[in-house]
Amino acid sequence: MTTTDPTDPDPVPMHRLHFDTPGPPRPAELPGGAPAWLVSRYADVRQVLSDPRFGRAGLYAPEAPSLSGVPDLVNDPDLMFNQDGPDHLRLRRTLRRAFTPRAVRRWRPWIAVIVEELLDRLESLPQPADVVAEFALPLPVAVISRLMGLDESAWDRLRHWSEHAFSDGTHAGEQVASARKEFSAFGADLLAKRRRAPGEDLISGLVAAADDEGGVPEAQLVSLVCGLVVGGHDSTMTMLGNALLYLLGERRETWPRIGADEEAAGRVADRLVHLVPLGDDRGSTRHAATDVEVGGVTIPAGAIVLADCGMANRDPEVFPPATLHDLFAPLAAPTLSFGAGPHYCLGAWLARTELQLALHRLAARLPDLRLAAPMDAVAWRTGTTSRSPRRLDVRW
């Protein structure tokens, strides 16, 4: 696991986090001190994420220890990610067709248009300019807003709610609860509007699919809408901000090839997703419904398991250390950054497409792009479980 303290006023960049060497499953602790098991080898983590005996719903049973001190969206039992079995599949089916590789390929042309429009605006600004505010943040917000049929007037509110949805505990509980109440009201209102006047957007499709599926509780649909908002922009913004800090600050030699070769930019995007986590806490938590043997160790029924994808993504038995940081080399095995098994991230193809297009076109349009200040001067976003530069001034 990482030894970085996320409360440190000067945390290291995400690509410099220290990872312990993966090993057999071993006893560990949750942040609040409750006992857990740490699973860190690639095969073991993949098993935990894929085996239906390890679920999410059991984490929210009345007797289960609290995973968060604040009522954040991530730990909402109604969220699709926190459902298991038939309940999870019913919700997942309402969105599965919307995020297939084929669907994302259809979206690619208009995503590319958004990228070019943002680059036009960036190039018109005086230097140095903040590439987070002008590119890394508005790109995924514009994409998810178009998919959901929202206009720019909602962007500031979406960002505010997302920050509280991913609260790391530093926001007051009342503040988070208030933001969640507003967010849920927004989601419920959006669902109602699309029922009255359906369109071609993602939420209209969700409503129609839920009606066809039948039996989907309204609270779960509201949480699904809120989850789409958060997952649709926070993760991509975080990935892009951290990627630019790493590439411009330490891997500037890769920039010309990223700009010249879109396919190579895709491989770089895959490597960056694999190597650079979204936040300091990389454990994906599960509950063991029965005794399960993992990596030669029996994990008892009722145990909470931390599946550390960051350590697993560096397992030397799977990812050769000699090529681990070759940004243009294809991955030796599927990354676990998007999860695995029934809870695999539905938005993986969309996130990869946005990151590939953003890096390729930014490098092609601004081949001389460089940081305007040293890396250690970067101010980090705080208050959320994801972490990336709050601003990143660049010149070109």
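Expressed as a whole percent, the accessible area of the chain that falls on carbon and sulfur atoms is 53 (1.4 Å probe).
I need the calculated FRET efficiency for the pair Glu250 and Ala112, taking r as the beta carbon distance and R₀ as 30 Å, to the nearest 0.05. FRET efficiency, Glu250 to Ala112: 0.60.
Full extension of the chain segment joining Ser178 with Arg121 gains 17.0 nm, where the gain is 0.36 nm per residue of separation less the Cα-Cα distance. Each peptide in 142-153, 310-321, 353-364, 17-28 gets a packing score, the mean of other Cβ atoms within 10 Å over its residues, and the list from highest to lowest is 353-364, 310-321, 142-153, 17-28.
With each label modelled as a point 7 angstrom along the Cα→C-beta vector, the Arg53-Arg93 pair spans 2.7 nm.
Selection among Leu275, Ala64, Ser204 by position relative to the dipole of the chain gives Ser204 as farthest towards the positive end (Cβ unit charges, Cα centre). Applying 0.36 nm per residue to the separation of Ala329 and Ala197 and subtracting their alpha-carbon distance, the gain on full extension is 42.8 nm. State the percent of C-alpha pairs, over all pairs in the chain, separated by a distance greater than 31 angstrom. Beyond 31 Å sits 37 percent of the P(r) for the chain.
The alpha carbons of segment 232-320 occupy a box of 52, 30, 21 Å along the principal axes, longest dimension given first. Its Cα centre serving as origin, segment 187-237 has a Cβ charge dipole (Lys and Arg +1, Asp and Glu -1) of approximately 160 debye. Only Lys, Arg, Asp and Glu carry charge here, each on its Cβ (+1 for the first two, -1 for the last two); on that basis the chain has a dipole of about 900 debye about its Cα centre.
Of the residues Val292, Leu357, Leu392, the one whose Cα sits farthest towards the positive end of the charge dipole of segment 286-396 is Leu392 (charges of +1 on Lys and Arg Cβ, -1 on Asp and Glu Cβ, taken about the Cα centre).
Note on segment 320-396: Cα-only Rg and Dmax are 16.1, 44 Å. Phi-derived couplings, Karplus 6.51 cos²θ - 1.76 cosθ + 1.60 at θ = phi - 60°, listed residue by residue for segment 359-376: 5, 5, 6, 5, 6, 6, 7, 10, x, 9, 4, 8, 5, 8, 8, x, 4, 6 Hz, with x used for Gly and Pro.
Solvent exposure of segment 34-144 amounts to 45 Å² per residue of accessible area, where only protein heavy atoms count and the probe is 1.4 Å.
A Förster distance of 35 Å, applied to the separation of the beta-carbon atoms of Asp211 and Ala372, puts the FRET efficiency at 0.10. Within segment 106-211, none of the chymotrypsin sites (Phe, Trp or Tyr not before Pro) combine a DSSP coil assignment with at most 10 other C-beta atoms in a 10 angstrom radius. With protein chains left intact and a 1.4 Å probe, residues in segment 253-330 average 38 Å² of accessible area per residue.
The values are calculated or read from the model by the stated rules, or taken from the named source; none is laboratory data. Owing to the predicted nature of the structure, the values given are computational and were not obtained by experimental measurement. Note: ideal-geometry Cβ built from the backbone for every residue, glycine included; neighbour counts use all protein chains shown. These area figures cover heavy atoms from the full protein model, side chains too; ligands, DNA and RNA do not enter into them. Shrake-Rupley method; radii C 1.70, N 1.55, O 1.52, S 1.80 Å.
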